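One structure is given here, and the rest of the page talks about it.
The values are calculated or read from the model by the stated rules, or taken from the named source; none is laboratory data. For clarity, every value in this text was computed on a predicted model and none was experimentally measured. Cβ atoms come from the backbone with ideal geometry, glycine included; neighbour counts cover every protein chain shown. Areas reflect the complete protein model, heavy atoms only, side chains present, ligands, DNA and RNA absent. Shrake-Rupley method; radii C 1.70, N 1.55, O 1.52, S 1.80 Å.
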Amino acid sequence: MNDKKLSLPSKIWDDVFRYLAFGSGLVVILLIVASLITLIIQSWPAIKHYGLSFIWSTDWDPLAEKYGALPFIVGTLLTSFLALIIATPFALAGAIFLGELAPKKIAEPISFIMELLAGIPSVIYGLWALFFLVPIIRAFQMKIGAPPYGLGIFTASLVLAIMILPYALSVARDVIKLCPNDLKEAAYGLGATRWETIRGVILPYAKSGIVAGIVLALGRALGETMAVTMVIGNSSTLPSSIWDLGNTMASVIANEFNEAQGLHLAVLVEIGLLLFIITVIVNLIARIFIIKTRV
Amino acid sequence: MSIENPIFRTEDLCAYYGDFMAIKHVTMSIPEKKVTAFMGPSGCGKTTILRCLNRLHELTPGAWYSGKIFLRDQDILEMDPILVRRKVGMVFQKPNPFPTMTIYDNVLAGYKLLGIRLKKEEADRICEEALRKAALWDEVKDILHRRGTFLSGGQQQRLCIARALAVNPEVLLMDEPTSALDPKATLQIENLIVDLKNTVTIIIVTHNMPQAGRVSDYSAFFYLGELVEFGPTAEMFTNPKDPRTEEYLTGKFS
Amino acid sequence: MNNTNNVRYQWRRTKNQIILATIAVLAIIPAIPLFVILFQLFQKGISSLSIDFFLNLPAPPGEPGGGIKNAIVGTFIIVGLASLMGVPISIMAGIYLSEYGKESKFAHLVRMCADIFQGVPSIVIGIIAYAWVVKPLGKFSALAGSVALAIMMIPVVVRTTEEVLRLVPNILREASLALGVPYWRTVLKVVLPTGMVGVTTGVLIAVARIAGETAPLLFTAFGNPFMTYNPLEPMNALPLLIFNYSMSPYEDWWQQAWGASIVLITIVLLLNIASRILARRVAGEK
Ligand SMILES: Nc1ncnc2c1ncn2[C@@H]1O[C@H](COP(=O)(O)OP(=O)(O)OP(=O)(O)O)[C@@H](O)[C@H]1O
Ligand SMILES: [Mg+2]
């Protein structure tokens, strides 16, 4: 009795659904292709006008239509790597602590809280840094005789370090946890101490994963906008020390995009394009390390 | 040996996984409203040929077949697989009720999943009938709206049988339906199979020779993808024609 | 001989303890700023929280009684619209990866693109939404902000959906197919409901992530001191308000920025906690 209803062309719906699913997958690919094309088209006037010299030139003067991205590229690299240098030892120690040393009862709630804190919006980190970190840094700068801006490259790096730490830590912790027990037991069996086991067995085992975590964190730092914009001081000259004011690629876009027009706008989009390319490359590198850990 | 009016008839059926030929040139007839047991050592292709009979085989990536399978006089390889599977139900080795559905919805899954709307009384009737056939009604009639996954393994397996019976299939395929169950649940299912054979043709894969002896009318013995012997169970058990069957029955390999 | 061995052993043990202690200390230090942030947030912001703060519209600097109603409503509208746009397509793409594409080259390409897209800075996505929506419409709008946020949530939801659906046991698919149910209905009515808790977890994580985003809204939703429900108008959102107020020279706006931060962080944390609880339920069921 029901078989009559069944002889409807069920195959058509199967095909429709499959194409919908396939189409959605295609959208994910197209999204990235279309983004790239959009950025290139929108920045084309700037690319055509300034060519590659845009990357080395240090002059940034929208009124004179002089645009060189070097101060921002340097600002981005400086803050990101400084943040990485500050964060890595803590992240590594935290990963070893949570992944290997601490008993489950302690490690799990701490990891849980860490992951929640990693979700704090960056504008809130910025707010906090602006009103809490900046005065402290200013006092410190006075003490050591640096220009007491409070704002600047160093402050931005410090906030970045706090922000990226949970990412690096959780990736590294997860790989450290994956280290097989029989490897560790073999080391203990040979009379190795806990630290010797960590250094000799666990860390070599988790090496690629730890690097992947650090590279992923670098990718975050490179593109992080709000917190940096709020504390870096928004200066478009090439920084000469870590106490200087500066701008990153992301922060200059955030600061100037809404007032920009014509060539200025195209130049800002080109900086965005550059940032897009850099972060994609960094993430691809992280993926390579992640694939290595699976093997 | 010849079967009058078989419900299934395969002609030179071969089934493959990629290049690997798992079923080799099987020609056989399955009698209607009887229980047929498929036996043979592990890996001989029992599951594979069973899955050919309702066209589940083709869902495995790289799997394909050649030859013909007639359900009465229609070649099912030419039919819409959906229609084939409505007529040929299946019960799996591991009980697999849908975890998101109640017992009631599980029994009616063959309708609900297809979006077929039933009147409340009709749905209730089908549900009760199927659960009674599966000898589960008395145990679950008061908890029809609990999740099917709360039941014991044996009850879950009978729920799966009820689910398959609810759409009134002509044939019920069972792939080692009791291998995940304890002896008591196994006995219940065996009794159920015997009761069911007046209403539906059953093909059961089993490793358990006493079980095959208890429930089946006919037996097929497979070895390395070939059909070695087919005949009435009693006859095959007492007087196997092929030495390989005899070796298997006497436990030389398993 | 025995003695030197003993000394060496003592030294190894001491070294072990020193290094482990150092690791523990280093591991604790980064937790400090994180707790300081939360503590100060509540210390500084709690005094701005009042009924009026939630129900009033922003007031000019110096005038008391300003609220953040428009920003709260705006955040819900922008994030809601983004989810409406982003979630269905992401779930379908996740279905494609787990049920159709599987190990095909195309599926791997989709996966790779999703992973890469997760790393694209949010400010760049703001530029893209600007080019796609603001430019053609000729003005800033909540819709443009939603497009930016939808783009940001897609990779997250695609990947979690795929992972969750892959965990659905194959025997459930076969049970459905063996009943004569077409594959697409099997996917929609058996596979997806079985993985629904996990998919919801992924959506919550993605929503929590975009709810706090500021950069992609700067040149899309833009911000608006007035109340609006129209997605084609510029609209305020909590992160935008926090940014604008904290960069302003007015002390009472700073105060309100702290208050708004408590509201925002509460929303984000609740979403995150809800997603973890759900995730734990999934793990428990297995
Ligand atoms: N998905 C697959 N891909 C490739 N080869 C397969 C696949 N499934 C089964 N085979 C092979 O096909 C042959 C028959 O397998 P099948 O599962 O039908 O055996 P079986 O008789 O049911 O065994 P068992 O009694 O252990 O269940 C075996 O050699 C097996 O290795
Ligand atoms: Mg089998």
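Out of the stretch B:1-20, which residues are assigned to a strand (DSSP E or B), buried (at least 16 other Cβ atoms within 10 Å of the Cβ) and more than 16 Å from ligand 2 (Cβ to nearest atom)? First the steps, then the outcome.
So the first thing to find is which residues in the stretch B:1-20 are assigned to a strand (DSSP E or B), and the list is B:8-17, B:20.
Pick out the ones that are also buried (at least 16 other Cβ atoms within 10 Å of the Cβ) and you get B:8-10, B:13-16.
If the condition is that a residue be assigned to a strand (DSSP E or B), buried (at least 16 other Cβ atoms within 10 Å of the Cβ) and more than 16 Å from ligand 2 (Cβ to nearest atom), then B:Phe8, B:Arg9, B:Thr10, B:Leu13, B:Cys14, B:Tyr16 are the ones that fit.
Mind listing whichever residues of the stretch A:60-102 are under 21 Å from A:Gln261 (Cα atoms) and within 14 Å of another protein chain (Cβ to nearest Cβ)?
A:Phe72
Within the stretch A:124-145, work out how many residues are closer than 17 Å to A:Met163 by Cα and either touching a His at 6+ places or on another chain (Cβ under 8 Å) or more than 11 Å from every other protein chain (Cβ to nearest Cβ) (or both).
The qualifying residues number 1.
In this structure, does A:Ala156 turn out to be facing chain C (nearest Cβ under 9 Å) and open to solvent by less than 10 Å² (accessible area, probe 1.4 Å)?
For A:Ala156, the condition - facing chain C (nearest Cβ under 9 Å) and open to solvent by less than 10 Å² (accessible area, probe 1.4 Å) - is not met.
Mind listing just one residue for me: the one in the stretch B:23-35 that is within 15 Å of ligand 1 (Cβ to nearest atom) and crowded, with 22+ Cβ neighbours inside 10 Å and, of those, nearest to the other protein chains (Cβ to nearest Cβ)?
Looking at residues that are within 15 Å of ligand 1 (Cβ to nearest atom) and crowded, with 22+ Cβ neighbours inside 10 Å, I get B:Ile23.
Can you tell me which of (1) facing another protein chain (nearest Cβ under 7 Å); (2) assigned to a helix (DSSP H, G or I) is the one C:Ala129 doesn't meet?
Status for C:Ala129: all satisfied but (1).
Based on what the data block shows, is C:Val73 among the β-branched types (Val, Ile, Thr), open to solvent by 70 Å² or more (accessible area, probe 1.4 Å) and either closer than 26 Å to C:Pro216 by Cβ or part of a helix (DSSP H, G or I) (or both)?
When the stated conditions are applied, C:Val73 does not pass them.
For B:Glu176, which of the numbered conditions (1) more than 14 Å from chain C (Cβ to nearest Cβ); (2) within 16 Å of ligand 1 (Cβ to nearest atom); (3) charged (D, E, K, R) fails to hold?
Single failed check for B:Glu176: (1).
How about the stretch B:41-127: which helices (runs of 4 or more DSSP H) wholly inside it have at least 3 residues that are open to solvent by less than 10 Å² (accessible area, probe 1.4 Å) and either more than 8 Å from chain C (Cβ to nearest Cβ) or within 16 Å of ligand 2 (Cβ to nearest atom) (or both)?
B:46-53, B:103-107
Which residues, counting only those in the stretch C:1-45, are without any contact (Cβ under 8 Å) to a residue 12 or more places away in the chain, at the interface with another protein chain (Cβ under 10 Å from one of its Cβ atoms) and farther than 26 Å from A:Gly94 by Cα?
C:Tyr9
Under 6 Å between Cβ atoms, which residue pairs at least 6 apart in sequence (or on different chains) link something in the stretch C:265-276 that is within 12 Å of C:Thr200 (Cβ to Cβ) with a partner that is open to solvent by less than 10 Å² (accessible area, probe 1.4 Å)?
Correct list of pairs: C:Leu271/C:Ala208.
Restricting attention to the stretch B:59-96, and to residues there that are within 12 Å of ligand 1 (Cβ to nearest atom) and free of Cβ contacts under 8 Å to residues at least 40 places away in the same chain, which single residue is nearest to the chain's Cα centre (by Cα)?
B:Leu59
Which numbered condition trips up A:Val201, out of (1) closer than 30 Å to A:Ala69 by Cα; (2) buried (at least 19 other Cβ atoms within 10 Å of the Cβ)?
All conditions are met except number (1).
Which of the residues spanning the stretch B:21-30 are more than 15 Å from ligand 2 (Cβ to nearest atom) and over 14 Å from the mean Cα position of the chain (by Cα)?
B:Met21, B:Lys24, B:His25, B:Val26, B:Thr27, B:Met28, B:Ser29
Give me the residue from the stretch B:212-252 that is over 23 Å from B:Ile3 (Cα atoms) and within 16 Å of ligand 2 (Cβ to nearest atom) and, out of that set, farthest from the other protein chains (Cβ to nearest Cβ).
Going through the qualifying residues, I end up with B:Tyr248.
So which of A:Pro135, A:Pro109, A:Pro147 is free of Cβ contacts under 8 Å to residues at least 12 places away in the same chain, open to solvent by 50 Å² or more (accessible area, probe 1.4 Å), farther than 23 Å from C:Leu240 by Cα and out of contact with any strand residue (DSSP E or B) (no Cβ under 8 Å at 6 or more places or on another chain)?
A:Pro109
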